[in-house]
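Note sheet for the following structure.
The values are calculated or read from the model by the stated rules, or taken from the named source; none is laboratory data. This one's a predicted model, so the numbers in the text were calculated from it and none came from an experiment. For neighbour counting, all protein chains shown are included, and Cβ atoms are generated from backbone atoms with ideal geometry for every residue, glycine included. Please note that ligands, DNA and RNA were not included when accessible areas were found on the heavy atoms of the full protein model with its side chains. Shrake-Rupley method; radii C 1.70, N 1.55, O 1.52, S 1.80 Å.
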Amino acid sequence: MTSADQAEAACVTRPNEGQKVVLVVTGGIAAYKACTIVRRLRDHGLQVRVAMTAAATRFVGPVTFAALSGHEVITSMFEARAAEEIPHVRWAEWADLVCVAPATADFLAKMAHGVADDFASTLYLANAAPTLVAPAMEDDMYRHPAVQRNLATLAGDGVATIGPASGALASGRTGPGRMSEPEEVVGAAVRILKHGVVGHDLAGQRVLITAGPTYEALDPVRGFTNRSSGRMGYSLAREARLRGADVTLVSGPVALPAPAGVEVVAVKSAAEMATAVDAAVPASDVAILCAAVCDFTPHDPAERKIKKGHSDRLEVQMVRTRDILAGLAASSPRPFVVGFAAETEDVRAHATEKLSRKGCDMIVGNLVGGDTDAMGSTDNAVIVFDRNGGETAFARAPKDDIATQIWGAIGRFRAQLET
Ligand code: C5P
């Protein structure tokens, strides 16, 4: 794991020790990454059993998965065992979650159509626990209407999907279809184990999220920024994607991997962030502006590095940046707008004042500085306020958990507005 991945993994929901996962490995190059998935699931204290399709065994040997999971691997319906065992039923009863990673186009088609012609597909049909799939295939295959149809059918059946990511494919091409990284798959798995089946309440909706700090250049090598890690916004983006949204994440400079299936627009300055938001807003149904945007930027950044010379003082004139949130909330038509208020004290008073002054639909208040600093941390505690005077507090938890709860609060308030 890179240090960014470790930081990322640290804000992932913590599941209950001993929960049980059946990992179904199907036949794609990404099967080798399933070894890491088993490792990471076990790092979370989970019990893991691995079922493989015949094709998967051409890529990675069952012995590897048996060693990593500490349990026998089943690859066929007809392996010698006592008839009364009916292992596909036993394994299905045992599982708290079935995770299919990698999920090939072929296996997704079988799942969507109820085909049960081997151990893995029969286990899926016998299973009543939540199911998560991590599709992995070439970009043309992924875009094929038949595959998209099958994924839509599975979403309708309540199956959660993670990814695929866009990037280098087995063929050497680049595009969507690459299996999400093991940490992402595990993050989604533990999130489902903790909070239950992910509803597809955001399916067909476009979500815009800003995250991270901005960087305001003073000269080509120096600038002003802040301690925001971007984790809260990345967790919100990941959760929105899991709930079925098309997500655009406008991100300031952070050291986090792009969440699977999310379009990341990388920006540096507040002005660049404002331009990227302007471009994404017309298509958005919901906008969550989570970024810690610098309020001031150097008026006249130097084109060359400022030399210290003999001076013992440097005066920099700063000008206000555009308030992206206030501008967006005042525009019409506009998406449902959620702001953030990072406060060093009296979160309720400052957050509710900001909610009405900036004209948001909801605002998420959190404390920064001190012992329970939200900024740069993997955990957060928040109070969510809505424009009708409602408020809900969420106790300190990993930011992925808080993201789940914030989306829950947004969903409830939007439903309330519709009735
Ligand atoms: O006024 P303050 O910076 O405390 O407001 C915080 C909220 O406003 C956050 O949602 C932040 O993303 C947003 N904001 C913005 N553009 C700015 C400053 C803040 O969108 N220039």
Dipole-positive endmost among Val293, Gly158, Val384 within the chain (Cβ charges, Cα centre): Val293
Segment Val319-Ile29, extension gain: residue separation times 0.36 nm, minus the distance between their alpha carbons: 99.2 nm
From phi via Karplus (6.51, -1.76, 1.60), per-residue ³J(HN,Hα) for the range 332-342 in Hz, x at Gly/Pro: 8, x, 9, x, 5, 10, 10, x, 10, 10, 9
Rg/Rh ratio calculated on Cα atoms of the range 200-272 (Kirkwood radius): 1.06
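List the trypsin sites (Lys or Arg not before Pro) in the range 154-248 that DSSP assigns to loop (not H, G, I, E or B) and whose Cβ has at most 16 other Cβ atoms within 10 Å. Which are they? Numbers along the way, then the final one.
Values: sites: Arg173, Arg178, Arg191, Lys194, Arg206, Arg222, Arg227, Arg231, Arg238, Arg241, Arg243; in loops: Arg173, Arg222, Arg227, Arg243.
Sites meeting the loop and neighbour criteria: Arg173, Arg222, Arg227.
May I have the convex hull volume per residue, in Å³, for the Cα set of the range 9-55? Intermediate values should be presented prior to the final figure.
Working: hull volume 3.2 nm³, N = 47.
It comes to 69 Å³ per residue, whole-number rounded.
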Alpha-carbon centroids, the range 306-373 and the range 81-121: separation in whole Å: 50
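Could you tell me which trypsin sites (Lys or Arg not before Pro) in the range 33-93 are loop residues by DSSP with no more than 15 other beta carbons within 10 angstrom of their beta carbon? Mind dumping the intermediate values first?
On the way: sites: Lys33, Arg39, Arg40, Arg42, Arg49, Arg58, Arg81, Arg90; in loops: Arg81.
When the trypsin sites (Lys or Arg not before Pro) of the range 33-93 are filtered for loop state and at most 15 Cβ neighbours within 10 Å, Arg81 remain.
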D_trans [Stokes-Einstein, Kirkwood Rh over alpha-carbon pairs] for the range 240-335, 4 °C, 1.567 mPa s, µm² s⁻¹: 82
Using alpha-carbon coordinates, inclination of helix 182-195 to the longest axis of the chain, degrees: 90
Cα centre as origin, Lys/Arg/Asp/Glu Cβ charges: the range 118-230 dipole, Debye: 200
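Compute, for the range 256-305, the length of the dipole vector about the Cα centre, with Cβ point charges of +1 (Lys, Arg) and -1 (Asp, Glu) only. Units Debye, rounded to 20.
Values: 3 positive and 7 negative charges, 50 e Å.
Dipole of the range 256-305, to the nearest 20 debye: 240 debye.
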Descending semi-axes in Å of the chain, equivalent ellipsoid built from Cα gyration tensor: 43, 23, 20
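So which GluC sites (Glu not before Pro) in the range 326-419 end up in coil per DSSP with only 12 or fewer other C-beta atoms within 10 Å? Can you show the working numbers first?
On the way: sites: Glu343, Glu345, Glu353, Glu391, Glu418; in loops: Glu345.
Passing both the DSSP loop test and the Cβ count: Glu345.
Filter Lys354/Lys399; Lys33/Lys110; Lys308/Lys399; Lys308/Lys354; Lys20/Lys399; Lys307/Lys358 down to the pairs with a C-alpha to C-alpha distance above 32 Å, please.
Working: Lys354/Lys399 22 Å; Lys33/Lys110 22 Å; Lys308/Lys399 42 Å; Lys308/Lys354 40 Å; Lys20/Lys399 23 Å; Lys307/Lys358 40 Å.
In this structure, Lys308/Lys399; Lys308/Lys354; Lys307/Lys358 lie more than 32 Å apart at Cα.
Can you classify the range 345-415 as rounded, prolate or oblate using the Cα gyration tensor, where a ≥ b ≥ c are the square roots of its eigenvalues, rounded means a/c under 1.5, and otherwise it's prolate if a/b beats b/c and oblate if not? Each step should come with its number before you reach the end.
Numbers: a/c = 2.41, a/b = 1.25, b/c = 1.92.
Oblate is the answer for the range 345-415, as a/c is 1.5 or above yet b/c matches or exceeds a/b.
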Surface accessible to a 1.4 Å probe, per residue, for the residues of the chain, Å²: 45
Assigned charges on the beta-carbon of Lys, Arg, Asp, Glu; the chain dipole about Cα centre (debye): 480
Nearest-ten-degree value, helix 347-358 long axis tilted from longest Cα axis of the chain: 80
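What percentage of the solvent-accessible surface of the range 180-329, computed with a 1.4 Å probe over protein heavy atoms, is contributed by carbon and sulfur atoms?
Working: 3490 of 6930 Å².
After summing per-atom areas, the C and S share lands at 50 percent.
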Relative pair counts by distance (%), Cα atoms of the range 135-261, 5 Å bins: 2, 10, 17, 20, 20, 13, 8, 5, 3, 2, 0
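Shape of the range 26-82 from its Cα gyration tensor (a ≥ b ≥ c, root eigenvalues): rounded if a/c is under 1.5, otherwise prolate when a/b > b/c, or oblate? All intermediate terms of the calculation are to be shown ahead of the outcome.
On the way: a/c = 2.48, a/b = 1.23, b/c = 2.02.
Because a/c hits 1.5 or more and a/b fails to exceed b/c, the range 26-82 counts as oblate.
So if R0 is 41 Å, what FRET efficiency would Asn16 and Ala283 give, r being the distance between their Cβ atoms, rounded to the nearest 0.05? Write down the numbers at each step before the final one.
Numbers: r = 39 Å, r/R0 = 0.95.
Taking R0 as 41 Å, the efficiency between Asn16 and Ala283 is 0.60.
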Residue among Gly309, Ser332, Ala258 farthest towards the positive dipole end of the range 251-364, charges placed on Cβ: Gly309
